[in-house]
Amino acid sequence: MTAARPMHGPLEDEVSERFAGAGGDPVAAARAFVESIAARSQRVVTEHEGARTVWRRWGDRGGVPLVLLHGGHGSWSHWIRNVEPLAAGRTVWAVDMPGYGESDELAVPVTPPAMALALSAGIRQLLGADAAIDLAGFSFGSVVAGHWAHAEPRQVRRLVLVGAAGLGLPRVARGSMMSWRRIVDARERRALHRHNLATLMLHDAARIDDLAIHLQTVNSAAARVRSRDLSLGDSLARLLPGIAAPVTGIWGAEDVTARPDLPARGRLLRQARPQAGFCTIVDAGHWVQYEDPDAFHHALLGYLPDPAAPT
């Protein structure tokens, strides 16, 4: 299935209003926008083996909630264009995974199974021992989500892989990411983050806005987990046949991490899971849920059952 890109939406309007209210300061406008979305959530902290994990909830619709896992060098804000639209119809939880954003690092060595264990324990604290969830993971978060679904078949009702890593498929070399850590000048640092967004995350240069640059700046600085090494290899692919939950994959059609053979991702999913879904969104890159949120929501909600349906 292929989804097309819609036109300008209400979130862009809110960003524009925040920009005007910040007196033309792009950093202040982006920060205000992030704070406004966060302020409309409920912030909850769980603890597992001494490490705190920070969750945010939008909506309170009952039924099966949707849990969102961000990518490497990310936080809950990888889903900033998605949480409120999705919460119009269901309860949405977005988490800072261990070692990212506001969450503590794990005391044990960082692996996707260890992160999945901490997150599944957190959901039990939040929702109860018998709660079921729909689970979506982006990029490195898809690897963690796969381990979670594999380890907790009664907890994960549906699994959505967004721009998934861990499939062990060939990847062509992309442009070089540039280091920003030793750069003192704020403008130069913003330019490097813009370059990195264009290299890896977004296909359309017009979508590399002040909000995207701000999120990349803040999230990269807060990340304490080296996800790249954990994302390589085929750890997710090896788990797929043993995952009980139905699985679907969503990719941007221009996702550089899926080159040179995006359709191979769909073939791999269906070889492991013949009923798996596979959707590509035209003119969108790796961070597809940010670059084209409306098409992403259409694809995601078209796959997920009604949250009130029996598990």
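Scanning region 285-307 for residues being part of a loop (DSSP other than H, G, I, E, B) and either among the basic types (Lys, Arg) or under 15 Å from the mean Cα position of the chain (by Cα) (or both) gives a total of 4.
This table checks each residue for (1) open to solvent by 10 Å² or more (accessible area, probe 1.4 Å); (2) free of Cβ contacts under 8 Å to residues at least 24 places away in the same chain; (3) in contact with a His (Cβ under 7 Å, 6 or more places away or on another chain); (4) assigned to a helix (DSSP H, G or I).
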{"position": "PRO241", "(1), (2), (3), (4)": "yes, no, no, yes"}
{"position": "ILE250", "(1), (2), (3), (4)": "no, no, no, no"}
{"position": "GLU254", "(1), (2), (3), (4)": "yes, no, yes, no"}
{"position": "CYS279", "(1), (2), (3), (4)": "no, no, no, no"}
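The single condition from (1) buried (at least 20 other Cβ atoms within 10 Å of the Cβ); (2) at positive phi that HIS203 fails is (2). Taking region 64-81 as the range and being open to solvent by less than 10 Å² (accessible area, probe 1.4 Å), in a loop (DSSP other than H, G, I, E, B) and out of contact with any strand residue (DSSP E or B) (no Cβ under 7 Å at 6 or more places or on another chain) as the test, the residues that pass are GLY74, ILE80, ARG81. Quick check on ARG57: is it in a loop (DSSP other than H, G, I, E, B), more than 22 Å from SER227 (Cα to Cα) and modelled with pLDDT of 95 or more? No: the conditions fail for ARG57. Count of region 269-284 residues, restricted to those that are farther than 16 Å from LEU300 by Cα and either under 21 Å from the mean Cα position of the chain (by Cα) or among the basic types (Lys, Arg) (or both), is 4.
May I ask you to verify whether ARG61 is among the basic types (Lys, Arg), surrounded by 20 or more Cβ atoms within 10 Å (Cβ to Cβ) and in contact with a Gly (Cβ under 8 Å, 6 or more places away or on another chain)? No, not satisfied.
Summed over region 131-163, the residues that are on the phi > 0 side of the Ramachandran plot and open to solvent by 10 Å² or more (accessible area, probe 1.4 Å) give a count of 1.
Looking only at residues of region 93-111 that are of a type outside the set (D, E, K, R) and surrounded by fewer than 24 Cβ atoms within 10 Å (Cβ to Cβ), we find that the one that is nearest to the chain's Cα centre (by Cα) is GLY101. Can you work out which of the residues in region 23-56 that are touching a residue at least 40 places away in the same chain (Cβ under 8 Å) and in contact with a strand residue (DSSP E or B) (Cβ under 6 Å, 6 or more places away or on another chain) is most open to solvent (accessible area, probe 1.4 Å)? Looking at the filtered set, the residue picked out is ARG52. Inspection of region 268-277 finds a residue satisfying the criterion of being in a strand (DSSP E or B) and crowded, with 19+ Cβ neighbours inside 10 Å.
The values are calculated or read from the model by the stated rules, or taken from the named source; none is laboratory data. Here the structure is a predicted model, which means the values were calculated and not measured. Backbone-built Cβ (ideal geometry, glycine too); neighbour counts: all protein chains shown. For the accessible areas, the whole protein counts, side chains as well, though only heavy atoms, and no ligand, DNA or RNA atoms are used. Shrake-Rupley method; radii C 1.70, N 1.55, O 1.52, S 1.80 Å.
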